[in-house]
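The values are calculated or read from the model by the stated rules, or taken from the named source; none is laboratory data. Note that this is a predicted model, so its numbers are computed, not measured. Neighbour counts run over all protein chains shown; Cβ positions are idealised from the backbone, glycine included.
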């Protein structure tokens, strides 16, 4: 890449680049302050706690790109978390079936959201507010009390390093094969997120449907006049959102070996996902940004909370500091306002 | 009655009919199971409205912000912060303190959204988190005074001529909001700014001040609700406002206010609140478990909006 094209890319992806830089600084500082920083154990622990919010933030990105908002992502994650806590045990075939059932639940729920938004022509924010309540209700039906039964091997293998994965399932000579050595210390949860992002998000973004989603967010009328498949794109966007949210719910069940239909937790995940999306450089007006940015945004949110473990901060001050950091981070949007020459540009 | 309803009144009529339907269904249930009809007694309805007044006042403030096409997610902790600070100060200064907290939060929200142009969705969310942090930091380590003052108890629990004072406070807030929306230039500016901010700005409306004003009203309403709720439960506590955010938004939207701003009547919000309160009380009479409540709640919102809340098809 030449300097000129790099410069152009940077100016077009200001928010994303800033988020990436912020994450790099925060993460490196965190690891150098941590007594066991830059070790596999720390990375595994961090990755484990980031996966659920990362998936939920990616799920939130799609409706936001359309210019809407999905207030049900946290609830769908909770619902799928409860489904997974019921079905992830038994023979390997049963477990595979359970994984499929969990992902199908979230995908169908997202599809339903999409249909309500497209055919019911209800604003996404308010439609998902309602369907979110339905999802929580279903989650409570499935799991009135927290708990669950998740296969121990699966739980162990997917929440540790690649070596543990190979060791648990006994492939690649139990993790000692020469070709797996370079990857042995990488946390599996990190790989899961990267793989899903690469296999799902990247092809989606390059497809006609994906481009249509961006076009709808920029100017829905223009997209319609250009003959783009608007309705299909909206439905696919919500369906994919449901799928990604169910990935989050599935992982949470594997990580905690349980399901918990907690309304407060669902709400917190939804709100944090919006924060992560904005931090990652996606505009709430729609049309610009992407799920990779939201991934970075979610990581930033998590790294900030990791700091409280190593710094000697009064635990009572933690929520305040978290809030101030969040408020400061989103306030960087003010630079756009200060640069505006024509007042009317503010009202877009 | 006219057969063709204006687009603005349709939601109001339909949600009123639904309120009646809830009352009939609930009464049928109680007649069948217990042979009594508590839902139709004045005393019971007044009591339900009394507990509904907290939501009603929150929704009144929320409506001002939604009319602008914005949203105020800071209501839960504005309510809580106002209540907790007020009880910590105590005495005669409790009420002014609560209002001052509301005013301050509203100003911060308004300035962030109107002048810094940060989307309200995320800015008010940040303010909410900061307020939560402040309250945790304030109450941590020692327990500040949290009992309601006599005035709060009077406002929330007493009755004048048989009518709960809380309902009167709600009525007063409603009167103020209706007057603002229909009788003042500020009210018209809110509708104009909500329809198209650029056009309103070019017409000479100081749209930023309008936005700040609406956010201040929203936060003031939340703090009044906080005061009442403290009186009702005799003390202020963390998380007391959490149950009000989403129902407030739902009530405003069920009442026909457009979530993207510019359209809506206050009567609709009032009926939206009554609908939600009655729905909740009928479900508790039926001893519906939380799971069923949530599902019914969501289904009702979606199906009501399917009847009258649909957008225009995008055609250009």
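Would you be able to tell me the number of residues in the range B:193-211 that are closer than 19 Å to residue B:63 by Cα, surrounded by fewer than 19 Cβ atoms within 10 Å (Cβ to Cβ) and within 14 Å of another protein chain (Cβ to nearest Cβ)?
Number of matching residues: 3.
Out of the residues in the range B:272-312 that are away from every other protein chain (no Cβ under 11 Å) and without any contact (Cβ under 8 Å) to a residue 12 or more places away in the chain, state the one that is surrounded by the most Cβ atoms within 10 Å (Cβ to Cβ).
Just the residues of the range B:272-312 that are away from every other protein chain (no Cβ under 11 Å), to begin with: B:272-287.
Of the ones still in play, those that are also without any contact (Cβ under 8 Å) to a residue 12 or more places away in the chain are B:284, B:287.
Values: B:284: 10, B:287: 7.
Step by step, filter the range B:272-312, then rank; the result is B:284.
Would you mind telling me which numbered condition in (1) at pLDDT 90 or above; (2) touching a strand residue (DSSP E or B) at 6+ places or on another chain (Cβ under 7 Å) residue B:87 fails?
If we test residue B:87 against (1) at pLDDT 90 or above; (2) touching a strand residue (DSSP E or B) at 6+ places or on another chain (Cβ under 7 Å), just (1) comes out false.
Exactly one condition in (1) at pLDDT 85 or above; (2) part of a helix (DSSP H, G or I) is false for residue A:327; which is it?
If we test residue A:327 against (1) at pLDDT 85 or above; (2) part of a helix (DSSP H, G or I), just (1) comes out false.
May I ask you to verify whether residue B:118 is over 22 Å from the mean Cα position of the chain (by Cα), buried (at least 19 other Cβ atoms within 10 Å of the Cβ) and closer than 25 Å to residue A:328 by Cα? Walk me through how you get there before you give the answer.
On the way: over 22 Å from the mean Cα position of the chain (by Cα): yes; buried (at least 19 other Cβ atoms within 10 Å of the Cβ): yes; closer than 25 Å to residue A:328 by Cα: yes.
Considered against the rule, which asks whether it is over 22 Å from the mean Cα position of the chain (by Cα), buried (at least 19 other Cβ atoms within 10 Å of the Cβ) and closer than 25 Å to residue A:328 by Cα, residue B:118 comes out as yes.
Pull up the range A:18-67, narrow it to residues that are in contact with a helix residue (DSSP H, G or I) (Cβ under 8 Å, 6 or more places away or on another chain) and free of Cβ contacts under 8 Å to residues at least 60 places away in the same chain, then point me to the one that is nearest to residue A:254 (Cα to Cα).
Looking only at the range A:18-67, we keep the residues that are in contact with a helix residue (DSSP H, G or I) (Cβ under 8 Å, 6 or more places away or on another chain), and these are A:19-20, A:22-23, A:26-27, A:30-31, A:33-38, A:42-44, A:46-67.
Restricting the remaining residues to those that are free of Cβ contacts under 8 Å to residues at least 60 places away in the same chain gives A:31, A:36-38, A:42.
Working: A:31: 26, A:36: 26, A:37: 26, A:38: 25, A:42: 19 Å.
Here the answer is A:42.
Does the range A:258-281 hold any residues that are crowded, with 21+ Cβ neighbours inside 10 Å, away from chain B (no Cβ under 11 Å) and in a loop (DSSP other than H, G, I, E, B), and which are they?
A:280, A:281
Need a quick list: helices (runs of 4 or more DSSP H) entirely within the range B:128-212 having at least 2 residues that are under 23 Å from residue B:232 (Cβ atoms) and modelled with pLDDT of 90 or more.
B:165-183
For the range A:220-257, give me the residue count where each residue is more than 21 Å from residue A:119 (Cβ to Cβ), surrounded by fewer than 24 Cβ atoms within 10 Å (Cβ to Cβ) and away from chain B (no Cβ under 14 Å).
The number of residues fulfilling the criteria is 3.
Just checking, which of B:46, B:55, B:39 is under 17 Å from residue B:275 (Cα atoms), in a helix (DSSP H, G or I) and at pLDDT below 85?
Details: B:46 fails: at pLDDT below 85; B:55 fails: at pLDDT below 85.
Selected residue: B:39, the only one of B:46, B:55, B:39 that is under 17 Å from residue B:275 (Cα atoms), in a helix (DSSP H, G or I) and at pLDDT below 85.
Which of the residues that make up the range B:1-36 are in a loop (DSSP other than H, G, I, E, B) and either out of contact with any helix residue (DSSP H, G or I) (no Cβ under 9 Å at 6 or more places or on another chain) or crowded, with 18+ Cβ neighbours inside 10 Å (or both)? Break it down stepwise before answering.
Keep residues of the range B:1-36 that are in a loop (DSSP other than H, G, I, E, B), which gives B:1-9, B:34-36.
B:2, B:3, B:4, B:6, B:34, B:35, listed by residue number.
List the number of the failed condition for residue B:269; all other conditions in (1) away from chain A (no Cβ under 13 Å); (2) within 19 Å of residue B:44 (Cβ to Cβ) hold.
(2)
On the given criteria, is residue B:308 in contact with a helix residue (DSSP H, G or I) (Cβ under 7 Å, 6 or more places away or on another chain) and modelled with pLDDT under 85?
Numbers: in contact with a helix residue (DSSP H, G or I) (Cβ under 7 Å, 6 or more places away or on another chain): yes; modelled with pLDDT under 85: yes.
Considered against the rule, which asks whether it is in contact with a helix residue (DSSP H, G or I) (Cβ under 7 Å, 6 or more places away or on another chain) and modelled with pLDDT under 85, residue B:308 comes out as yes.
So which residues in the range B:255-264 are buried (at least 18 other Cβ atoms within 10 Å of the Cβ) and either at the interface with chain A (Cβ under 9 Å from one of its Cβ atoms) or at pLDDT 90 or above (or both)?
Once the filter is applied, which keeps residues that are buried (at least 18 other Cβ atoms within 10 Å of the Cβ) and either at the interface with chain A (Cβ under 9 Å from one of its Cβ atoms) or at pLDDT 90 or above (or both), the range B:255-264 yields B:258, B:259.
Tell me yes or no: at least one residue of the range B:212-231 is more than 8 Å from chain A (Cβ to nearest Cβ), farther than 30 Å from residue B:33 by Cα, more than 19 Å from the chain's Cα centre (by Cα) and buried (at least 22 other Cβ atoms within 10 Å of the Cβ). Working first, answer last.
Restricting attention to the range B:212-231, the residues satisfying the condition of being more than 8 Å from chain A (Cβ to nearest Cβ) are B:212-231.
Applying the additional criterion that residues be farther than 30 Å from residue B:33 by Cα yields B:212-231.
Subsequent filtering for residues that are more than 19 Å from the chain's Cα centre (by Cα) retains none.
So far as the range B:212-231 goes, no, none of its residues is more than 8 Å from chain A (Cβ to nearest Cβ), farther than 30 Å from residue B:33 by Cα, more than 19 Å from the chain's Cα centre (by Cα) and buried (at least 22 other Cβ atoms within 10 Å of the Cβ).
Those residues that are surrounded by fewer than 18 Cβ atoms within 10 Å (Cβ to Cβ), touching a helix residue (DSSP H, G or I) at 6+ places or on another chain (Cβ under 6 Å) and more than 8 Å from chain B (Cβ to nearest Cβ), I need them from the range A:305-327; list them, please.
A:308, A:310
Being touching a strand residue (DSSP E or B) at 6+ places or on another chain (Cβ under 6 Å) and part of a helix (DSSP H, G or I) narrows it down to one of A:253, A:245, A:222, A:233, so name that one.
On the way: A:245 fails: touching a strand residue (DSSP E or B) at 6+ places or on another chain (Cβ under 6 Å); A:222 fails: touching a strand residue (DSSP E or B) at 6+ places or on another chain (Cβ under 6 Å); A:233 fails: touching a strand residue (DSSP E or B) at 6+ places or on another chain (Cβ under 6 Å).
Among A:253, A:245, A:222, A:233, only A:253 is touching a strand residue (DSSP E or B) at 6+ places or on another chain (Cβ under 6 Å) and part of a helix (DSSP H, G or I).
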